[in-house]
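What follows is a set of notes on a single structure, which appears directly below.
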């Protein structure tokens, strides 16, 4: 029978220990985990990107539910262990579950330190520790009000940056004179403060909190000097304390943490401890690399495998705030027996300092340019004598031995045992070995096989270079298709970041997302313009210079540079008056071709650009508005005559088509949207090859979508059957709004649906009535700004310059 | 060289273009995001598309018909495409714009 292993805590350290254990001795233990957090194991260091909106929670899950099931592990989510009975070898949870163990692992992590000031318990005071804290902050951020972060260390600054990204006005209070003083010297601390302030975050150093004030909820923070700063959210990020209460109650030896030997063994031979709660050799740890090393040691101990011992080593610190590059390692205090080499480049915002003792690196602080961090770390670890390269040391590896500044060459020059991934302690040789040995071809493979770049991700660039180096031409980085040559981001990332960072203009997107060109190109600008129109309908001013000519002049350009004009005929229904007006326009402007379109409209072709406003003026007098035949937007709703005339018609298909068209015209969409409503399953309006179609039946309205009859031919999929016309309209509008918000520019509904999946779309716009309503309302709101006839606007003089030459010159001389 | 006044800078939208009609055909006058002004024939070397109607990015324009990208500085097609249009000298004096039409006429002759 297998032994019983019980683990208290389900953070990153025990999660990693389990992975090693399952590799080494998969069947030895029956494993039970008690997790006080009501969820699976996730990458806690990636909470900051979740807070700032750069990642979703699902992306940072390490072990999903399936993993526990697959390995036969019992996971109690939301169970806090309240007692350990060491004599009986049992643990008991707050929900009354008692489990016996042969071996017990305590991994209770740490608790945030709450400074003991009045008001610390007020609603609105949060710590920054787990997903619940992040969710609470996100909720508070919706108010876009003022936030105070107490603590200018790693966590505090990441929290501040995240809250700022989410639209809050943020002040950081730090009790010391410079930020992150434990990791940075004052010079780098100063540069960091400037970089943080440049993001619009206020920083107050030497700020000593006296009390948190408020009546029933947080209203501000009072400082020792008497000033009070207003805020509705206060985040305390002043440090963590090992969570040792449970171990202490159980009579285990504790100091700052739970005391363990270098094999993670506590004072009770049946009990181990690891992670942030453990104290080994007088040290407690908070960064992931030593915690993962503890996991390795503990797993070895549990399998009686190799005799692995924990050895202390310095871990570099990096800040996970996009756009601020910072690296700190080791000891950088001044001293008589120490020398330092410093490089400052004020204009580029670069500061580098290397601290030497006996010609060996003992500490490094890099700000603004951190690419050489791994190299300095390697020199420090190996205690390399640097006297030979002393003069050029600070310029980095590229300047040594005449090596080129090509980053690929720099990586190639690294020794095989040079550390690439600090979090997981993976060296270069292990990565290149896995690439060749296991035939790996991409970043995800390397992450899966070696764990390199799988935690904080800051070594991703190095790993990619190793892939390139090892595979040469065969390396095809990422299936991700960038939007265009101006960026390496794909459409989905850009859309997500526009929302997450609250980017509301094209220049803001290009600045924040680091566009490689000054003003984009003909591919990205129309896409960005659409995303902004869609996401901020009331705030964004449409940039006509970023629209394709057809949408700029509201007509379709033809091969000879003339235009075609299609007036809207609601549901394809017209009248003698309308036809007469069209005939008159055709005569007056000598329009060469008049044609009936596939979408039941009349197209007038061959109109000179200069004549467009006059043509529209005449059509407008007859009641016509633009048919948007040129737009990535709602084009036409084709109908059959339905129950009004047809002996087979089951519902008023013409009426519904007109209603949909009148509701939805003017809306911009990622690609054109064509619809149809058929009055019976004979389907004379051909609704089953449209982007959205309705087939009326006796019992109601069958809603179809994701058809195509162009480059691709594809029958629609059935979204579902609804009983009333009102419901049909609401579902269709919600579907289109979901498509508007999610699809990539120029992606038709059928392609988007293939990516997202019919089931998911059905769930959101048909089954989930609340969500459907929310989509519907967002569409209605956006229509307030979109449903304006562009033709009458131009007849009234808008964009006059578009339709006139700047000048006519040279004709007089030619006539002479 | 004769400089002919064609209007002022503010008549052309940034990242946009206007046309000047001449006996030799249309000239497209572009204004970039950073207020440089260029004039080229309004006739794409590919299929004659009206370049003045394209999207302006950097110092280039993308033809509205088949997405050729033409350099406003040299008149040459960029990327893999080959071909060029004539460029016309432009002078900006204060806000006023002038083009040297005779350059076009002499070349046309």
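What follows draws every value from the coordinates through simple rules; no lab data is involved. Only a predicted model underlies this, so the values are computations on that prediction, with no experimental measurement involved. In this analysis, Cβ positions are derived from the backbone assuming ideal geometry, glycine residues included, and neighbour counts consider all displayed protein chains.
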Angle check, please: helix A:186-198 long axis (alpha carbons) against the longest principal axis of chain A (alpha carbons), in degrees 0 to 90, nearest 10. 20 degrees
How much length is gained if the chain between residue A:499 and residue A:787 is pulled fully straight, taking 0.36 nm per residue apart and subtracting their Cα-Cα distance, in nm to one decimal? 101.3 nm
Could you work out how much longer the chain between residue A:646 and residue A:767 gets when fully extended? Use 0.36 nm per residue separation minus the Cα distance between them, nm to one decimal. 40.3 nm
Note: B:6-12 gets an average of partner chain Cβ contacts (10 Å, Cβ to Cβ) equal to 2
For segment A:125-238: rounded, prolate or oblate by the Cα gyration tensor [a/c cutoff 1.5]: oblate
Footprinting proxy, A:563, A:475: sorted fewest to most Cβ within 10 Å, the residues are A:475, A:563
Where in segment A:651-674 does the amide nitrogen come within less than 20 Å of the point 7 Å from the Cα of residue A:796, taken along Cα to Cβ? A:665-668
Per the 1/(1 + (r/R0)^6) rule, R0 = 22 Å and r from the Cβ atoms of residue A:95 and residue A:139, FRET efficiency to 0.05 is 0.25
Taking Cα atoms, the helix A:460-471 axis meets the longest principal axis of chain A at an angle in degrees (rounded to 10) of 80 degrees
Exercise: per-residue mean of other protein chain Cβ atoms within 10 Å, B:17-30: 4
Using the Kirkwood radius over Cα pairs of segment A:491-547, the Stokes-Einstein translational diffusion coefficient at 37 °C and 0.692 mPa s, in µm²/s and rounded to a whole number, is 294 µm²/s
For segment B:3-108, just the Cα atoms, rotate onto the principal axes and tell me the three extents in Å, largest first. 37, 31, 18
Value of relative contact order over segment A:85-212, rounded to a whole percent, pairs C-alpha under 8 Å and six or more apart: 21 percent
How many angstrom separate the Cα center of segment A:691-742 from the Cα center of segment A:71-117? 51 Å
Each label point is 7 Å from the Cα along the Cα-to-Cβ direction; what then is the distance between the points at residue A:408 and residue A:508, in nm? 3.9 nm
Can you compute the FRET efficiency between residue B:78 and residue A:187 using 1/(1 + (r/R0)^6), with r the Cβ-Cβ distance and R0 = 51 Å? Round to the nearest 0.05. 0.65
Using the 10 angstrom Cβ neighbour count as an exposure proxy, how do A:384, A:654 rank, fewest first? A:384, A:654
Return the average number of partner chain Cβ atoms within 10 angstrom of each residue Cβ along peptide A:560-566. 3
If contacts are Cα pairs under 8 angstrom and at least 6 residues apart, what is the relative contact order of segment A:491-568 in percent? 20 percent
By Cβ neighbour count within 10 Å, fewest first, A:468, A:504 rank A:504, A:468
Simple spin-label estimate for residue A:593/residue A:774, 7 Å along Cα→Cβ, in nm, reads 4.8 nm
Sort the protein assembly as shown into rounded, prolate or oblate with this rule: let a ≥ b ≥ c be the square roots of the eigenvalues of the Cα gyration tensor; rounded if a/c is under 1.5, and if a/c is not under 1.5, prolate when a/b is larger than b/c, oblate otherwise. prolate
If you wrap a convex hull around the C-alpha atoms of segment A:634-788 and split its volume per residue, what is the figure in Å³? 97 Å³
What's the extension gain from residue A:583 to residue A:337 if we count 0.36 nm per residue and subtract their Cα-Cα distance? 79.0 nm
Centroid-to-centroid separation of segment A:241-282 and segment A:479-510 [C-alpha atoms, Å]: 47 Å
Plugging the Cβ-Cβ distance of residue A:224 and residue A:488 into 1/(1 + (r/R0)^6) at R0 = 60 Å yields, to the nearest 0.05, a FRET efficiency of 0.80
So, relative contact order of chain A in percent, Cα under 8 Å, 6 or more apart, is 7 percent
